[in-house]
1. Any idea which of (1) small (G, A, S); (2) at positive phi; (3) modelled with pLDDT of 85 or more is the one G651 doesn't satisfy?
2. Which residues, taken from the stretch 119-144, are assigned to a loop (DSSP other than H, G, I, E, B), closer than 16 Å to Y32 by Cα and in contact with a helix residue (DSSP H, G or I) (Cβ under 9 Å, 6 or more places away or on another chain)?
3. Report those strands (runs of 3 or more DSSP E) wholly inside the stretch 493-609 carrying at least 2 residues which are hydrophobic (A, V, I, L, M, F, W, C) and in contact with an Asp or Glu (Cβ under 9 Å, 6 or more places away or on another chain).
4. Tell me, please, whether a residue that is farther than 18 Å from K638 by Cα, outside any loop (DSSP other than H, G, I, E, B) and modelled with pLDDT of 85 or more can be found in the stretch 687-698.
5. Within the stretch 628-672, count every residue that is charged (D, E, K, R), under 19 Å from E685 (Cβ atoms) and assigned to a loop (DSSP other than H, G, I, E, B).
6. Mind checking which strands (runs of 3 or more DSSP E) fall wholly inside the stretch 10-98 and carry at least 3 residues that are over 29 Å from E407 (Cα atoms) and modelled with pLDDT of 95 or more?
7. Cβ-Cβ distance below 7 Å, separation of 6 or more or different chains: which pairs start in the stretch 118-145 with a residue that is in the same structural domain as T64 (by TED's automatic domain parsing) and within 23 Å of V159 (Cα to Cα) and end on one that is surrounded by fewer than 23 Cβ atoms within 10 Å (Cβ to Cβ) and of a type in the set (S, T, N, Q)?
8. So how many residues does the stretch 217-253 have that are part of a helix (DSSP H, G or I) and surrounded by fewer than 11 Cβ atoms within 10 Å (Cβ to Cβ)?
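The values are calculated or read from the model by the stated rules, or taken from the named source; none is laboratory data. Nothing here was measured: the structure is a model prediction, and the numbers come from that model. Glycine also receives a Cβ, built like all others from the backbone with ideal geometry; neighbour counts cover every protein chain displayed.
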Amino acid sequence: MDIFSTEFAGRNISLKTNYVAAQTDGSILVYYGDTVVLVTVVSLKTTREGVDFLPLTVDYQEMTFAAGKIPGGFFKREGRPNEREILVSRIIDRSVRPLFPKGYYSETQMVATVLSIDKENDPDIAALLGASAALEISNVPFKGPIAGVRVGKINGEFVCNASGDKMQESELNLFLVGRKVVPGKSGREYDVELVMMEGEAKEVAEDVIVDAIKFGLEAIRPVIDLQDKVREKIGKEKRPVEKVEVDEELTAKVSAAALAGLKEGYGMPRKLERYGKLDEVRASVIKEIGGDDAVLCKKTAGIIEGLERRILRDMIIHDKKRIDGRSSTDIRPISSEVGVLPRAHGSALFNRGETQALAALTLGTSSDEQRMDYIGGEEVRSFILHYNFPPYSVGEAKSLRSPGRREIGHGALARKALVPILPPADAFPYTIRIVSEILSSNGSSSMATVCGGILSLMDAGVPVKDVVAGIAMGLLKEGDDVVILSDILGDEDHTGDMDFKVCGTVKGVTAMQMDIKIDGLTEDILRKALAQAREGRVFIIGKLRETLAAPKPDISIYAPRITTVKVKEDQVRTVIGSGGKNIRQIISETGVTIDVEDDGTVTIASSDAEAAARAVAMVKWLTEEAEVGKIYRGTVKKIVDFGAFVEILPGTEGLLHISQIAKERINKVTDVLKEGDEVMVKVLEVDKQGKIRLSRKEALAAGAQ
């Protein structure tokens, strides 16, 4: 067993090796405070016949025993991955996948298992570090090391790996992954370059984002150095990767047969026409050259794929021309409309080029909130966003399945983009759910979801603070030639060197996601990309405002009207009643929906305004406090020699002294009253102890009957 330690963001982090999971190709136990994550990597020694890609799977799993919990449900064991596990799995996958060498096609699996968790140290950070370290010490070829860090900005200062509670105060939350690149510039031994980034912000300026990235990349140097020490001491020799030999003769033959047709295809701006032409050329050339030789057909197809990539990159970098004729900064034609679904509480149809998203919004009550049970604690969401990508959106026919990791990830990004502009719960006490159905896709459907989502919010009458838009940026870099593309197509995404999605308002960024496929992303390129993204975002926001400039003044007639009543915390039990008796009575008599929170917030929802008003009156009557000088109709609860105790409000009784029962003198209380009688009484006094003195005599004198 070997232990390697360093300080990371002011706290000790340790890697324990040669300790567990000995039959893996690499295993690491990461200790960060009381957070412990085991990461393993296994890569098969053989390659499946016909496979020409890396079959990589990454699974991050949180065991409930890590937090001293027992799973709920009948089976009492961990089930399918929750949203957080899926999103962290994607972060690790997106970070390591581009760093396996070309030509390495052995099936590879990485598993990160959270074994212990505290509330101070993020298991995401430990899992990403463990993934890199496990690959570094294994014999699996990998262009690392890499490491991740979470960057926030609290009270004007950048911070690394702050606790979840502290990050609630932060104006941004970026998860960065950096990679060691040798040699370094400016005399440094090595540089740390950005590999992957995603996060959210509260309308933060682009310059702040760049500064946060620089800060975060510098902060991970200690754990990069730590991995170097581990690899030098116990790292295995890497497996050889068979170099893909270029068949010059076959390449020339395929190029002569296919080049003209492929160029013609990439001159067609419409996706289906272009794909049809390209498919026709591929099939024709493969049949002509490969014939019945399956191996030769496969080689021919691979050469054609390389030709397509070269054609598209040359068009953009050298000819300064894109598939659809746009310049590098142009946005595709945009159109949108709202109110397309009559019974939805809010709806919008957003079109950008051949990408189309339908956003449908539903308003609900607090009982509709989503409760996410994670090992780190429960999260309650009053804003839910679901993204669906049916096969017909790209002209395919497949079985409809539950959302995959991509759908979960795109929905999470769009949700982050919209959260900062939502009204506070006390101003708009609704649960909001948006469903984005992608009806047609040719690039950046997640950003179309953001645009459709904000329109649906405004169409529903949600008083959002500002308009948000999203844009997908691309990058092509060859030597000193750099082209930054705004609003990329699917083909440009596939061929490019960077996919960078940026969302925000005119004021600043609210969410972003970046994947880098190459080395050499400089600060200057990053600043230019963010500035160009801002220009595109502001343009799109202008288009959205042309459709709907501001939220509608009222919510849909089909949406529940929510009224909030605040009562004292000690009155919550009174509102609910014994066994829920009072709540059931209000619901039975008015038909409303009622939610009562422990802090005394009573939420009443109904599409019938009159019914809601009656329910509000009933709640107020249940919780009303006795007011001096006010006359009440009360019920005699108990008779004693010196008077009667009268209930004037639910659970509130006062003393009606014998001298205050009638105008004339009476000898016995029972001469006038008996238990159960209804009687009009006036409140004379409420003393410091809360005792109430009543008078029937003064109520009668005031004309009460």
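1. (3)
2. Within the stretch 119-144, the first condition is being assigned to a loop (DSSP other than H, G, I, E, B), and the residues that meet it are 119-122, 138-144.
This time we only want the ones that are closer than 16 Å to Y32 by Cα, so: 119-122.
Across the stretch 119-144, the qualifying residues are K119, E120, D122.
3. 498-504, 509-516, 601-606
4. Quick first cut of the stretch 687-698, residues farther than 18 Å from K638 by Cα only: 687-690, 697-698.
Retained after the next criterion (residues that are outside any loop (DSSP other than H, G, I, E, B)): 697-698.
Next, from what is left, pick out any that are modelled with pLDDT of 85 or more: 697-698.
Yes, the stretch 687-698 contains at least one residue that is farther than 18 Å from K638 by Cα, outside any loop (DSSP other than H, G, I, E, B) and modelled with pLDDT of 85 or more.
5. 1
6. In the stretch 10-98, the matching strands (runs of 3 or more DSSP E) lie at 11-17, 26-32.
7. Between residues of the stretch 118-145 that are in the same structural domain as T64 (by TED's automatic domain parsing) and within 23 Å of V159 (Cα to Cα) and residues that are surrounded by fewer than 23 Cβ atoms within 10 Å (Cβ to Cβ) and of a type in the set (S, T, N, Q), the close pairs are K119/S163; E120/S163.
8. 3
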